[in-house]
Amino acid sequence: PGGAALKDAEGNITSPAHISCTSAEIFEQVGEGEPVFFDDGKIEGVIRKQAPDELLIEIVHTRKVGNKLRADKGINFPGSKLNFSGLTAKDKKDLAFVVENADIVNVSFVNRKQDVRDLMAELQKLNPPKGFGIILKIETQSGFNKLAKILLEAMKTYPVGVMIARGDLAIECGWDNIGRVQREILSLCRAAHIPEIWATQVLENLSKQGIPSRAEMTDAAMAQRTDCVMLNKGPYILQAIRLLSTIFKDMELYQEKNARLWPAMERADNH
């Protein structure tokens, strides 16, 4: 469990604030001076010291009043070369439960076609029911670069879909690239006839605060180009669902019907 900083009677920090990380491999694969982001980029830090079981991180940017970092929020290392391979023991245990109790499974951080192969091999052992679905979450630069090969591997099973995890992608690929990246993912999935899910912060202000922003209204209209949209939880979620439905109905006549299926991908690995 995380904890706040401890201070002495004079206000000096005797023990810094800390949080936990569920991926033990991280500590050996990152280096000092590399950036780290928390909660979809709301908090930015730099790794100042690396140890086998902990990282000392200096927070260099957040809101002036600070940001509260809640449990189970994402951590991104966009400047680090991370190498995750295969499913963990916990993944396999969770997957067995999902097969028994759900209709579909979301797989996070799909970075290469081997990740899809590993998942399918484990599913074959579990004998899932007919029609059991798979959603591959694309949320890293590596996953985007290798998307063509990932999709070709994924097309060997059915049903399968892709989630565009735009929060993580924006951090991994850069804020200036996220518009192009999400469009190219849509084009590739359309060419492969694989449905895609538009995710992260869709009508977020409305869902949580009851009032939408102008920017997220435009973003919701752009989501019309996808097959599915994911809304986050909030006290005003019903209003968000109704508004999204209205936007989609109004925008249906303007939906692109003749867009190119395969525009040139500037930075993806097509080899």
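The values are calculated or read from the model by the stated rules, or taken from the named source; none is laboratory data. Everything numeric in this text was worked out from a predicted model, so none of it was measured. Counting neighbours? That spans all protein chains shown, and the Cβs are built from the backbone with ideal geometry, glycine included.
Observations on the structure shown:
- Of the numbered criteria (1) touching a residue at least 24 places away in the same chain (Cβ under 8 Å); (2) of a type in the set (K, R); (3) exposed (fewer than 15 other Cβ atoms within 10 Å of the Cβ), the one R225 fails is (3).
- Against the criterion of being charged (D, E, K, R) and buried (at least 18 other Cβ atoms within 10 Å of the Cβ), E153 qualifies.
- Complete set of residues in the stretch 70-98 that are surrounded by 11 or more Cβ atoms within 10 Å (Cβ to Cβ) and among the acidic types (D, E): D91, D94
- Each residue in the stretch 1-39 was checked for being part of a strand (DSSP E or B) and of a type outside the set (K, R), and 10 pass.
- Filtering the stretch 154-182 to residues that are among the charged types (D, E, K, R) and either outside the structural domain of F132 (by TED's automatic domain parsing) or without any contact (Cβ under 8 Å) to a residue 24 or more places away in the chain (or both) leaves only D176.
- Among (1) assigned to a helix (DSSP H, G or I); (2) out of contact with any helix residue (DSSP H, G or I) (no Cβ under 8 Å at 6 or more places or on another chain); (3) hydrophobic (A, V, I, L, M, F, W, C); (4) buried (at least 16 other Cβ atoms within 10 Å of the Cβ), the one test that L186 misses: (2)
- Of everything listed in (1) exposed (fewer than 12 other Cβ atoms within 10 Å of the Cβ); (2) on the phi > 0 side of the Ramachandran plot; (3) among the small types (G, A, S), the single unmet condition for G41 is (1).
- Qualifying position, being outside the structural domain of D40 (by TED's automatic domain parsing) and surrounded by fewer than 18 Cβ atoms within 10 Å (Cβ to Cβ), among N67, N145, N101: N101
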